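This report concerns only the one structure given below.
Read-outs: derived from the displayed coordinates by stated rules, not from any lab. In this text, all values refer to a predicted model and were calculated from it rather than measured experimentally. Every residue, glycine among them, receives a Cβ derived from its backbone with ideal geometry; neighbour counts consider all protein chains shown.
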Amino acid sequence: MKKALLASALMTLVVPVCMAAGPVGFGDSPTNYGQPQGFSLNPMSDIATLKKNAYDDQLVTIKGRFTKQLTKDKFEFTDTKGQTIVVELDDDRNWSFIRKDALVEIVAEVDKDLMSIELDCINARNLEK
């Protein structure tokens, strides 16, 4: 009886400690708390860096402005250094909060082909009030 009682007391102490020390993602960074596990957003400082280093299907964040509409759902995006890239805003989302030439930060998936690179915007956030 004493062994069973001791075992159950130890289990109530050990289980919460093991659960608290569980994985927080594929990296051990404490900044991953509250985010989906195994994903990372790669902040890009400018479009030249993005074009040089990004790979297909990579998730990136970048700051800039939508400066020109090219087609129904494709826009020219200009970073803070004046470099441009084509960004697609799918019509399955409401993008009405985005204004022309307003500073935004976008989260996008890189669409890299043999001869071109574009971004498929997943989310955008206004940086100007």
Flagged links, alpha-carbon separation over 23 Å, of LYS52/LYS129; LYS100/LYS129; LYS63/LYS129 = LYS52/LYS129
Counting other Cβ atoms within 10 Å, keep those with at most 10, restrict to DSSP loop, and tell me which chymotrypsin sites (Phe, Trp or Tyr not before Pro) in segment 62-105 are left.
-> PHE97
Value of Rg to Rh for segment 33-129 (Rh from inverse mean 1/r over Cα pairs, i.e. Kirkwood) | 0.95
